[in-house]
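The values are calculated or read from the model by the stated rules, or taken from the named source; none is laboratory data. Here the structure is a predicted model, which is why all the values come from computation and not from measurement. No Cβ is skipped: glycine too gets one built from the backbone with ideal geometry, and neighbour counts run over all protein chains shown. Side chains are part of the model used for accessible areas, which takes the heavy atoms of the whole protein and leaves out ligands, DNA and RNA. Shrake-Rupley method; radii C 1.70, N 1.55, O 1.52, S 1.80 Å.
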Amino acid sequence: MNKEELYNEVISYIAHAQLWHRLRSIEDWEDLNTLLVSMLDTERRVLQHFGLPCTLQFSGYLQLLALKDDFSIADITVMLEELEAEAILYLTSPVLTNIEFLTMARAKRLAIDDVLPILNPNLRADPYNEELYQTQFLTGGLSATDFLKQFRLASPDNNFIKH
């Protein structure tokens with residue numbers, strides 16, 4: 001994706017997000033869900049451009065910009081520079097095994113939306129995963145290894161987790 005395409009993606013995202021926020025209390029949920037899926041796809045493409053997973057932390061950059069009423073092209077430039085800096089940090093960080101990552105995630109009490117995309121880029125939190133993570137793993141009821149075993153059993157793609 002070249003720079004112009006990247007700017008167009010971000011501008012489209014902001015327009016969709018602002019429309020979604022305005023219409024969410026009055027529109028049909030099916031239409032809003034279609035708009036939301038479009039926004040999530042755009043988040044994923046923009047973050048993928050930088051080599052970043054679609055975590056809550058990184059998608060938050062786009063979400064915060066979308067909530068700004070008076071954004072400008074300069075704001076987009078700053079946000080893209082911030083994402084590039086985050087990408088450099090992320091991509092040059094030491095590689096962690098899933099066990100090491102989950103141990104760190106527990107210590108920092110990371111949100112599930114910052115954990116699942118690291119384990120598998122295609123995952124989003126669902127009620128079971130959220131319950132398992134929040135009430136069993138973060139509280140110490142499950143070790144990282146046991147969490148991965150439980151998660152593997154519940155995952156439709158049973159072979160994605162390696163440790």
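Per the Kirkwood definition applied to all pairs of different Cα atoms, how many angstroms is the hydrodynamic radius of the chain?
Roughly 17.3 Å, rounded to one decimal.
Keeping all protein chains in place, calculate the accessible area per residue for the chain (probe 1.4 angstrom), answer in Å².
Solvent-accessible surface per residue comes out at 59 Å².
Applying a 10 Å radius around every beta-carbon, put 51-60, 104-113 in order of their mean neighbour count, most first.
51-60, 104-113
Quick check: residue separation of Thr145 and Arg22 times 0.36 nm, minus the Cα distance between them. What number comes out in nm?
Length difference between fully extended and current span is 40.0 nm.
Calculate for the chain the 222 nm mean residue ellipticity that helices alone would give, adding -39,500 (n - 2.57) per DSSP H run of length 4 or more and normalising by residue count, nearest 500 deg cm²/dmol.
Roughly -21500 deg cm²/dmol at 222 nm, from the helical runs in the chain.
What's the extension gain from Glu84 to Thr135 if we count 0.36 nm per residue and subtract their Cα-Cα distance?
The span from Glu84 to Thr135 would gain 14.9 nm if fully extended.
How big is the dipole moment of the chain about its Cα centre under a simple scheme where the beta carbon of each Lys and Arg is +1, that of each Asp and Glu is -1, and everything else is neutral? Debye, nearest 20, please.
700
Could you check how much of the accessible area of the range 5-71 is carbon and sulfur, as a whole percent, using a 1.4 Å probe?
For the range 5-71, the apolar C and S fraction of the accessible surface comes to 53 percent.
What is the extension gain from Leu40 to Arg109, computed as 0.36 nm multiplied by their sequence separation minus the C-alpha to C-alpha distance, in nm to one decimal?
Result for the pair: 22.4 nm of gain on full extension.
Any idea what angle helix 29-49 forms with the longest principal axis of the chain, computed on alpha-carbon atoms, 0 to 90 degrees, nearest 10?
80
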